[in-house]
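The values are calculated or read from the model by the stated rules, or taken from the named source; none is laboratory data. This is a predicted model, so every value here is computed, not measured. We place every Cβ from the backbone using ideal geometry, glycine too, and count neighbours over all the protein chains shown. With ligands, DNA and RNA removed, areas are computed over all heavy atoms of the protein, side chains included. Shrake-Rupley method; radii C 1.70, N 1.55, O 1.52, S 1.80 Å.
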Amino acid sequence: MQIGEILIKRLPDAEFLERAEIAKPGFINLHLSSPWLARQAGAIAQDGPDYYKIDLGGGKKVQVEFVSANPTGPLHFGGARNAAIGDALSRLLENSGYQVQREYYVNDRGAQMKTFARTLWRRYQQLFGMDVTIPSDGYPGAYMIDYAEKIKAAYGDTLLSLPDEEIPARFRELGLKIVLAELEHDLALMNVHFDAWFSEQSLYDNGDFDRVYAILREQDDLYEKDGAVWFRASKYLKSDRDEVFIRSNGEPGYFASDIAYHYNKFIVRGFDWVINVWAVDHQNQAARLPGTMKALGIDPERLTIVLYDLVTLKRGGKEIKISKRAGEIVTMREVLEEVGADAARYFLLSHSNEARIDFDIDLAVAQNSENPVYYIQYAHARVASILRKAEAAGLTPGSDHLDLLTCSEELALLRKMLQLPEIVVNAVERLSPHHLPHYALDLAKTFTNFYGHCRVLSDDPEQKELTEARLMLTLATKTTLAYVLSLMGMSAPEKM
RNA sequence: GCCCCCGUAGCUCAGUGGACAGAGCGAAGGUUUCCUAAACCUUGCGUCGCAGGUUCGAGUCCUGCCGGGGGCGCCA
């Protein structure tokens, strides 16, 4: 308490400070000056979203790799959470002084791709009445028949006469093309767009894998055992388990691809920082991969893996059961078509990454106050409506009398807006976008409270100055709501 | 067996070692000749899973336990 008193006496006079006081155990409470607060309405409205831009990154090149589901079928709804998180992180970083690249890693080689091509070939043959069955370990989903139909539409029966040895590569290539186009289309439904689709196979075609292999060989990080080539993970990690690098069948394993891929990210492409968004079922690999960067001379701190937990879908409080074995999955597209991108993104972002989500479809589509998405967007639409009405009445926002904004609802709204940079810094530092939806709801609530207590528009000439000031506050609210919605990748409707 | 995540209000969830643990929804009551009633206000709402420990101070850190989920592959 005594220290506090001394500190208070030494506080410089700042225009934003109204007063400082000491509270119970020894807290110093600084009170913002109301006139200063009121002036921020003008600053926000004038600067637009730039008012909130901060520079945490100093122009550093950061890559956010997300979704990256195997290109063997439509995206499962769980992938939508990955997309929501990855894209929101990208948006947060972009607005915090980082240069961001969004990347989708395409696992276009390996066993599952071969199985995919084989299944596709069989489905194609079936379309011509041939009595063949799909492989027992193949992909039983009906979407494979759709893919085969597309190939039939483009090529007719001409592929039936392909030489046997050309079939796997041809169907792999055709299938991949179809799936990638579908992934891009479905992700666009969620307003997610990638800057790069990075092919795993390219690592083997462009020599990155060979270079990494040579480096590791040189460092004696590789050894042979049981007919396979192993990476000495134990040299770099607190672990007694090594990683298979090249399998006994001669094929590089996923770890070999991963390390070559990150060599490419850091050494070839020169990213300062790489963020991978992975589902929790990769938690073990997530714990190990950064440490193995040391083998490439890369600081493990430069690789961050964001893990998120799974999503279960509910309808009317009841879980929707899916059977992956039978190929019955709930796709991202189905859910997006039902609930829309905005609601999906809001709910998928509203939980901390580590928490599981019960996604309630009924709530997401509800058009009432139970649904925070509508509440928030409605607040924006209401703001827009007031501004439209003002314009029609010849009233314009003005900064000359902002000191008239003195009532508690007005000041609370201003304070809430000024919290946003703090929210953004926190979300970036912890890579936790879930603070955004909570803040947005808070802000919408604070605005609606203001709206209920303070009439903005007035045709009374004596109220003109207050009206101009409140219009300025309203405009600042519009800027702020629209900005926080854009960080989440959601739309800010002018009308509802 | 070892490792990771979760457990906070009736429900869904926030909570960065600091003040009396917060929001929304639901509930109860009230408001509206008025800029979008898709609204607003008021009220009540807690053994922070349990038990120890560290600390001036713990929902937060440590240990153990209980409950739920996940991971420990020559799959990715």
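Tabulated values for the structure
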read-out: Residues (small (Gly, Ala, Ser) and within 13 Å of RNA strand B (Cβ to nearest atom)) located in the range A:377-402; value: A:Ala379, A:Ala381, A:Ala384, A:Ser385, A:Ala390, A:Ala392, A:Ala393
read-out: Only one of A:Phe347, A:Phe359 that is modelled with pLDDT under 90, within 9 Å of RNA strand B (Cβ to nearest atom) and touching a helix residue (DSSP H, G or I) at 6+ places or on another chain (Cβ under 8 Å); value: A:Phe359
read-out: Filtered residue count, the range A:410-427, keeping only those that are in a helix (DSSP H, G or I) and either near RNA strand B (Cβ under 8 Å from one of its atoms) or open to solvent by 10 Å² or more (accessible area, probe 1.4 Å) (or both); value: 10
read-out: The range A:428-449, subset touching a Ser or Thr at 6+ places or on another chain (Cβ under 8 Å) and in a helix (DSSP H, G or I), residue farthest from A:Lys53 (Cα to Cα); value: A:Phe447
read-out: Members of the range A:350-381 that are aliphatic (A, V, I, L, M) and in contact with a His (Cβ under 8 Å, 6 or more places away or on another chain); value: A:Ile357
read-out: Residues that are open to solvent by 20 Å² or more (accessible area, probe 1.4 Å) and β-branched (Val, Ile, Thr), drawn from the range A:246-302; value: A:Ile246, A:Ile267, A:Val268, A:Val280
read-out: The lone exception for A:Asn249 - which of (1) over 30 Å from A:Val428 (Cα atoms); (2) of a type in the set (S, T, N, Q); (3) at pLDDT 95 or above it fails; value: (3)
read-out: The range A:381-408, residues that are aliphatic (A, V, I, L, M), part of a loop (DSSP other than H, G, I, E, B) and under 17 Å from A:Phe447 (Cα atoms); value: A:Leu405
read-out: Residue check for A:Leu485: away from RNA strand B (no atom under 11 Å from the Cβ), modelled with pLDDT under 90 and in contact with an Asp or Glu (Cβ under 9 Å, 6 or more places away or on another chain); value: no
read-out: Residue count, the range A:165-222 (criterion: part of a strand (DSSP E or B) and either of a type in the set (S, T, N, Q) or open to solvent by less than 30 Å² (accessible area, probe 1.4 Å) (or both)); value: 4
read-out: Of all residues in the range A:450-464 being open to solvent by less than 100 Å² (accessible area, probe 1.4 Å) and not in a loop (DSSP other than H, G, I, E, B), the one that is farthest from RNA strand B (Cβ to nearest atom); value: A:Gln463
read-out: Residue pairs meeting the criteria (Cβ under 7 Å; at least 6 apart or on separate chains; first among the small types (Gly, Ala, Ser), in the range A:434-456; second assigned to a helix (DSSP H, G or I) and near RNA strand B (Cβ under 6 Å from one of its atoms)); value: A:Ala444/A:Tyr375
read-out: Considering residues of the range A:86-114 that are open to solvent by less than 20 Å² (accessible area, probe 1.4 Å) and over 28 Å from A:Val484 (Cα atoms) only, the residue farthest from the chain's Cα centre (by Cα); value: A:Met113
read-out: Count of residues meeting criterion [within 16 Å of RNA strand B (Cβ to nearest atom), free of Cβ contacts under 8 Å to residues at least 40 places away in the same chain and either in contact with a Cys (Cβ under 8 Å, 6 or more places away or on another chain) or of a type in the set (A, V, I, L, M, F, W, C) (or both)] in the range A:213-240; value: 4
read-out: Filter result for A:His435 (near RNA strand B (Cβ under 10 Å from one of its atoms), out of contact with any Lys or Arg (no Cβ under 7 Å at 6 or more places or on another chain) and closer than 26 Å to A:Ala364 by Cα); value: yes
